[in-house]
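Report on one structure; see the data block that follows.
The values are calculated or read from the model by the stated rules, or taken from the named source; none is laboratory data. All values derive from a computational prediction rather than experimental measurement. For neighbour counting, all protein chains shown are included, and Cβ atoms are generated from backbone atoms with ideal geometry for every residue, glycine included.
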Amino acid sequence: MAYVDGFVLPVPKKNIDAYKRMARKAGKIWMEYGALDFKECVGDDLNIKGMLSFTKGIKVKPGETVMFSWITYKSRAHRDKVNAKVMADPRLGKMPSSMPFDPKRMMYGGFKTLVDLGK
């Protein structure tokens, strides 16, 4: 079954366009090196009654929204190989020196697929 790297991070709403440009460039690099899927999603319906919302969980500040993102791989070993190539790619060094979000507030983890009903 596939392996997924997942991310949740707060982004100032004024930086969404800059984030999108950065993510598009980075995503092309990940896909070039073999990632199966690369998704970047911006929060839309985040305050569901009776649930711990992403906005509360990540402690969103006024003027921020939440990004929910994932990259899919064949396996954890495949992820490790792809990420090693991506991190060595000089194009990543050409990304903006000023990130459009605070990386210290990003949540990240690798996940084994438990159920996959996709095609």
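Filter segment 77-91 for residues that are in contact (Cβ under 8 Å) with a residue 60 or more places away in the chain and surrounded by fewer than 13 Cβ atoms within 10 Å (Cβ to Cβ) and give the result.
Matches in segment 77-91: ARG91 only.
Going by what's in this entry, would VAL82 be described as out of contact with any Lys or Arg (no Cβ under 8 Å at 6 or more places or on another chain), at pLDDT 95 or above, part of a strand (DSSP E or B) and of a type in the set (Val, Ile, Thr)?
No; evaluated as a whole, the condition is false for this residue.
Quick check on my filter: what residues within segment 44-63 are of a type in the set (A, V, I, L, M, F, W, C), closer than 17 Å to ASN15 by Cβ and surrounded by fewer than 10 Cβ atoms within 10 Å (Cβ to Cβ)?
The answer is none; no residue qualifies.
In segment 56-72, which residues are part of a loop (DSSP other than H, G, I, E, B) and closer than 26 Å to ALA26 by Cα?
ILE58, LYS59, VAL60, LYS61, GLY63
For LYS49, only one of the following conditions fails: (1) within 23 Å of THR113 (Cβ to Cβ); (2) in a loop (DSSP other than H, G, I, E, B). What is its number?
That leaves (1) as the condition not met.
Considering only segment 18-34, I want to know if a residue exists there that is among the hydrophobic types (A, V, I, L, M, F, W, C) and either exposed (fewer than 11 other Cβ atoms within 10 Å of the Cβ) or not in a helix (DSSP H, G or I) (or both).
No; the residues of segment 18-34 include none that is among the hydrophobic types (A, V, I, L, M, F, W, C) and either exposed (fewer than 11 other Cβ atoms within 10 Å of the Cβ) or not in a helix (DSSP H, G or I) (or both).
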